[in-house]
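Asker: The following block contains the structure, expressed as structure tokens.
The numbers here are math on the coordinates, done by the rules we state, and not lab data. Keep in mind the model is a prediction, meaning the values are calculated, not measured. Cβ placement follows ideal geometry from the backbone for every residue including glycine, while neighbour counts extend to all protein chains displayed.
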Amino acid sequence: MRFFGTTWVAHDGAYGLRRAVVAVGALLAAAAGAFALWFGFRGLQIAEVGGFVDILVLVMFGICSVIAFRKTWEGFTRRPTDPAREDALRGLKTIGFIGSLLAYSCRALAEAPGEGLRRTEYETALVQYEKRRAQRTGNPSSRKKKR
């Protein structure tokens, strides 16, 4: 939960402002990345590599961006079931970085990216802690004081 620290727990400490800044920042970074890709694509056109390569590059970046968006979006709601597969997709997500940035920006409009997943894990851990604490036989804080 980069950029948010613990403000996501109680939504304090300029939480709304941070979300807005993250959403706009990710959108600006995606626009800058798109400009850089456009600049590179123009270089391919100037080099006259051919229409097939132009189409291949556009399709590759488009597909990688869509996959990166989907995988990034899924990462906000659940932990990956197969970490080795996620590691294998790291290169693809790097190529489709615009999709990841757009997913980050869109998610920041609703909540801090990853907040729902972290909140669920946090509440589950809190319930488990309370159960363990209450069930301990030697817990001094749960003993009744004798008069």
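Asker: Looking at L102, G62, L44, which one has the Cα that reaches farthest to the positive end of the dipole of region 36-107 (charges on Cβ: Lys, Arg +1; Asp, Glu -1)?
Answerer: L102
Asker: Pop a pseudo-label 7 angstrom from the Cα along the beta-carbon direction at both L92 and R132 and give the gap in nm to one decimal.
Answerer: Placing both labels 7 Å along Cα→Cβ, they lie 3.7 nm apart.
Asker: Residues of region 74-95 with the amide nitrogen closer than 12 Å to a label point 7 Å from the Cα of L117, along Cα-to-Cβ, please.
Answerer: 74-83, 86
Asker: Treating only the Cβ of Lys, Arg, Asp and Glu as charged (+1, +1, -1, -1), what charge dipole size does the chain show about its Cα centre? Round to the nearest 20 debye. Mind dumping the intermediate values first?
Answerer: Working: 23 positive and 12 negative charges, 348 e Å.
The calculated dipole for the chain is roughly 1660 debye.
Asker: Follow-up. What does the charge dipole of region 11-81 about its Cα centre add up to, to the nearest 20 debye, if the Cβ of each Lys and Arg holds +1 and the Cβ of each Asp and Glu holds -1?
Answerer: Values: 7 positive and 4 negative charges, 75 e Å.
So the magnitude is around 360 debye.
Asker: State, to one decimal in nm, how far the label point of F35 lies from the label point of L56, with both points 7 Å from Cα in the Cβ direction.
Answerer: 3.0
Asker: At a Förster radius of 30 Å, what calculated FRET efficiency corresponds to the Cβ-Cβ distance of A14 and V66, to the nearest 0.05? Display every interim value, and only then the final one.
Answerer: Working: r = 33 Å, r/R0 = 1.11.
Efficiency computed from Cβ-Cβ geometry: 0.35.
Asker: A further question on this structure: Rounded, prolate or oblate: which fits the chain when a ≥ b ≥ c are the square roots of the eigenvalues of the alpha-carbon gyration tensor, with rounded for a/c under 1.5 and prolate only if a/b beats b/c? Present the calculation step by step, with values, prior to reporting the outcome.
Answerer: On the way: a/c = 5.50, a/b = 2.55, b/c = 2.15.
Because a/c hits 1.5 or more and a/b exceeds b/c, the chain counts as prolate.
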